[in-house]
Amino acid sequence: MKDAKITYLTDVALITCVVTVGRGDAVIKAARSMGAAGALVYHARGIGPRERLGLLGIAIEAEKDVVSILVATDYQDVVFEAVYRAAGLDVPGAGMVYITPVERMATYVPREVLARVPDRGDAQ
């Protein structure tokens, strides 16, 4: 195992958007246009108050796209608004979006990038 130090990123937020199947691509496009580097999309099933429409009020499973986007906290508000608008969340039953603070995140960061960042004590 390498003896390299781990670089922790601390100014990060997770934006999660739950939308109807097929809307995930529009959400990703909007997030990327506002500076998000990438996103993770996965398919999910669930139930909610609007799905109780079946015979005798039995819940019907709803299929959704869930989009997870990690962004710098400096960009979270603009990405959040772009995602909200792209997903069409201003109508009932369209889905939801929320922000979760991320305490710390670690991934590979090239040395030349680290050299340009002022030392703030994030590395251990």
Matching entry among Ala37, Ala4, Ala13 (being modelled with pLDDT of 95 or more and farther than 17 Å from Leu89 by Cβ): Ala13
Unique residue being closer than 24 Å to Val27 by Cα and either among the small types (Gly, Ala, Ser) or in contact with a strand residue (DSSP E or B) (Cβ under 6 Å, 6 or more places away or on another chain) (or both) when the list is Ala86, Ala106: Ala86
Counted residues, the stretch 66-114 - those being among the hydroxyl-bearing types (Ser, Thr, Tyr) and over 15 Å from the mean Cα position of the chain (by Cα): 2
Among residues of the stretch 96-124, those that are open to solvent by 40 Å² or more (accessible area, probe 1.4 Å) and at pLDDT 90 or above, counted: 9
Looking only at the stretch 1-37, and only at residues there that are loosely packed, with under 11 Cβ neighbours inside 10 Å and either among the small types (Gly, Ala, Ser) or in a strand (DSSP E or B) (or both), the one that is nearest to the chain's Cα centre (by Cα): Ala37
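The values are calculated or read from the model by the stated rules, or taken from the named source; none is laboratory data. What you see is a predicted model, and the numbers here were worked out from it, not measured in a lab. We place every Cβ from the backbone using ideal geometry, glycine too, and count neighbours over all the protein chains shown. Surface accessibility is based on the protein's heavy atoms, side chains included, excluding ligands, DNA and RNA. Shrake-Rupley method; radii C 1.70, N 1.55, O 1.52, S 1.80 Å.
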